[in-house]
Amino acid sequence: MIGFTYLAAILATLPLVLILAHLVRKGASSLSLAFFTHMPGSVGEPGGGMANAIVGTLMLIGIASIIGLPIGIGAGLYLAEKKGTPLASTVRFLSDVLNGLPSIVMGIFAWEVLVRPVRHFSALAGGVALGAMMIPLVTRTTEEMLLVVPTSLREAALALGYPKWRTSISVVLRTALAGIVTGALVAVARIAGETAPLLFTALGNQFWSTSVREPIAALPLQIFTYAINAYDEWHRQAWAGALVLITIVLIISLAARFATRSRFGAPVD
Amino acid sequence: MTAVAPVARPASAAAANTIGTIEARDFSFWYGKKQALKGISMKVPPRSVTALIGPSGCGKSTFLRSINRLNDLIPGVRHEGDLCLDSNSVYNPSLDVVALRQRVGMVFQRWNPFPKSIYENVAYGPRINGIADEASLDEIVERSLRRTAIWDEVKDRLRTSALGLSGGQQQRVCIARALANQPEVLLLDEPASALDPSSTQRIEELVYELKRELTIIIVTHNLQQAARASEYTAFFFTGELVEFGPTEQIFTSPREERTEAYITGRFG
């Protein structure tokens with residue numbers, strides 16, 4: 001039995017190891033400074049980069065975070081403070097449903113609401129779709145992190161004469177901050193690689209654009225476009241793009257790990 | 001004691017002698033349908049140590065937490081009768097709970113410093129009273145830590161985490177944190193029950209020192225501790241106040257049979 005769990009533990013990490021090895025093998029050779037600074041080349045022309053897609057992905061993450069983080073953290077705070085109320089139970093349940101919603105559905109919905117009425121694709125629509133995906137993730141991790149803050153700390157602040165709202169913010173939220181930051185970064189890492197919600201919203205763009213009202217390039221979309229094409233050069237670029245994307249996600253994950261190392265350590269009990 | 005008084009207090013000399021008087025008048029308390037306190041009437045004199053004793057679930061902690069209204073946070077609680085601090089009801093609708101809690105400090109069974117530095121822990125209360133300048137805060141922090149006899153142990157590491165201290169030290173920092181608000185009453189909820197004997201002794205000595213300046217009410221499961229550290233003892237049983245009187249009388253010649261049975265260890 002112990003032997004089986006040992007094997008399972010190794011198998012659990014195997015996909016990541018294989019994917020990383022494969023990406024490095026296929027993609028590393030196409031990586032160069034030009035890949036980060038140049039625009040995509042024409043068909044059949046060697047070289048060229050994904051500068052627009054890298055910037056586009058960062059912009060989409062930014063828009064999504066502006067929408068997803070405040071709403072998610074606020075909702076999580078509400079759920080933790082008012083855990084027994086009917087509204088809290090409803091919000092918690094709907095959050096879980098939203099969390100399980102297929103991302104393509106989110107994309108279609110964003111298209112229906114944000115793209116169709118204005119008759120053109122936009123970075124904003126893509127960011128909103130990604131932000132909406134972040135909300136339930138951030139809400140639930142925030143709630144969980146707040147609930148593990150010991151009641152004794154809350155009482156200590158209240159007994160010192162802190163008003164309730166100030167206790168929530170300066171003691172409970174502060175103590176849980178490292179955990180909430182981790183949750184937020186995990187959510188960012190999770191949406192950074194999403195492709196489906198962007199297909200009908202951000203659309204992708206072969207040209208340089210940083211306007212939120214225009215279609216925008218994104219790494220996952222660019223990888224998708226290049227990968228389903230027949231040109232070897234584009235295939236190589238797609239591998240390199242995948243390697244860059246996974247590196248971005250990895251950096252965010254590492255930042256999340258780093259953020260959890262709080263200066264004063266975890267609270268006792 | 002020259003105080004950086006955060007809240008208005010009776011100013012005259014005559015009133016000063018009664019500051020910190022706590023009086024319960026036929027006070028009852030419910031958690032939902034469950035009655036936790038039944039018609040408690042007692043008057044705790046100022047600058048004294050009163051021990052609340054009794055078996056688990058007898059209502060002594062509920063009584064303690066009613067004085068600074070920390071029980072208000074639990075949904076579905078209600079009370080009848082009255083609890084007064086310096087002749088003013090703590091349940092008076094016009095009373096500011098925040099100001100009340102600054103006058104009534106509390107220390108918990110499980111030491112609960114914030115995950116911050118020792119200095120920040122002690123300065124926490126004064127900061128909310130609007131004391132912002134460093135010199136005043138430094139002075140309050142030092143004075144509070146000296147009063148809990150821990151200054152010499154921590155003065156070189158004030159900016160390090162309070163969680164790095166031993167349990168007994170953390171508890172004394174928590175007491176210093178409560179004292180930094182200049183309270184007139186200090187509530188101690190089994191402050192030494194999780195500490196080793198020598199730390200317990202230090203806390204008891206501290207209680208003895210502090211009662212010269214403020215009223216102390218201490219909940220304890222340890223009868224020896226009640227006998228050693230307190231001047232008055234209140235024996236609670238199933239939500240009733242069975243007997244309240246000078247500690248010596250309670251322990252040597254209790255009037256109630258139930259008190260005697262508890263003190264001699266026949267139940268509880």
With respect to B:A149, determine if the residue is away from every other protein chain (no Cβ under 13 Å) and on the phi > 0 side of the Ramachandran plot.
yes
Selection within segment B:91-121 - in contact with a Leu (Cβ under 8 Å, 6 or more places away or on another chain), in contact (Cβ under 8 Å) with a residue 24 or more places away in the chain and part of a loop (DSSP other than H, G, I, E, B)
B:N112, B:P113, B:F114, B:P115
Please count how many residues of segment B:206-222 are touching a residue at least 60 places away in the same chain (Cβ under 8 Å) and surrounded by fewer than 19 Cβ atoms within 10 Å (Cβ to Cβ).
5
Since A:V148 meets every condition but one in (1) within 12 Å of the chain's Cα centre (by Cα); (2) of a type outside the set (D, E); (3) over 21 Å from A:M134 (Cα atoms), which condition does it not meet?
(1)
Checking A:M39 against (1) touching a residue at least 12 places away in the same chain (Cβ under 8 Å); (2) part of a helix (DSSP H, G or I); (3) in contact with a Phe, Trp or Tyr (Cβ under 8 Å, 6 or more places away or on another chain), which single condition isn't satisfied?
(2)
Going residue by residue through segment A:175-183, is there one that turns out to be touching a strand residue (DSSP E or B) at 6+ places or on another chain (Cβ under 9 Å), within 14 Å of another protein chain (Cβ to nearest Cβ) and at negative phi?
no
So, B:Q225, is that one surrounded by fewer than 20 Cβ atoms within 10 Å (Cβ to Cβ) and either of a type in the set (K, R) or in a helix (DSSP H, G or I) (or both) or not?
no
Which numbered condition trips up B:P75, out of (1) surrounded by fewer than 23 Cβ atoms within 10 Å (Cβ to Cβ); (2) facing chain A (nearest Cβ under 8 Å); (3) in a helix (DSSP H, G or I)?
(3)
Can you tell me which residues in segment A:81-121 are under 13 Å from A:R140 (Cβ atoms) and more than 14 Å from chain B (Cβ to nearest Cβ)?
A:V91, A:R92, A:F93, A:L94, A:S95, A:D96, A:V97, A:L98, A:N99, A:G100
So, of the residues in segment B:55-72 that are part of a loop (DSSP other than H, G, I, E, B) and among the polar types (S, T, N, Q), which turns out to be farthest from the other protein chains (Cβ to nearest Cβ)?
B:S56
Just the residues that are surrounded by fewer than 24 Cβ atoms within 10 Å (Cβ to Cβ) and facing chain A (nearest Cβ under 10 Å), please, taken from segment B:116-125.
B:K116, B:S117, B:E120, B:Y124
Taking the condition within 13 Å of another protein chain (Cβ to nearest Cβ), under 24 Å from B:L100 (Cβ atoms) and surrounded by fewer than 18 Cβ atoms within 10 Å (Cβ to Cβ), does B:G130 pass?
yes
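Okay, residues lined up against (1) within 12 Å of chain A (Cβ to nearest Cβ); (2) without any contact (Cβ under 8 Å) to a residue 60 or more places away in the chain; (3) buried (at least 24 other Cβ atoms within 10 Å of the Cβ); (4) farther than 25 Å from B:R101 by Cβ:
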{"residue": "B:Q169", "(1), (2), (3), (4)": "no, yes, no, no"}
{"residue": "B:R172", "(1), (2), (3), (4)": "no, yes, yes, no"}
{"residue": "B:L188", "(1), (2), (3), (4)": "yes, no, yes, no"}
{"residue": "B:S193", "(1), (2), (3), (4)": "no, no, no, no"}
Quick one: what pairs do we get from segment A:75-96, first residue under 16 Å from B:I74 (Cβ atoms), second modelled with pLDDT under 95 and among the hydroxyl-bearing types (S, T, Y), C-beta under 8 Å, 6+ apart or different chains?
A:E81/A:S168
Keeping to segment A:7-45, report how many residues are of a type in the set (G, A, S) and over 16 Å from A:W239 (Cα atoms).
5
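The values are calculated or read from the model by the stated rules, or taken from the named source; none is laboratory data. Quantities reported herein were computed from a predicted structural model and do not represent experimental measurements. Ideal geometry is used to build each Cβ from the backbone, glycine not excepted, and the neighbour counts take in all protein chains shown.
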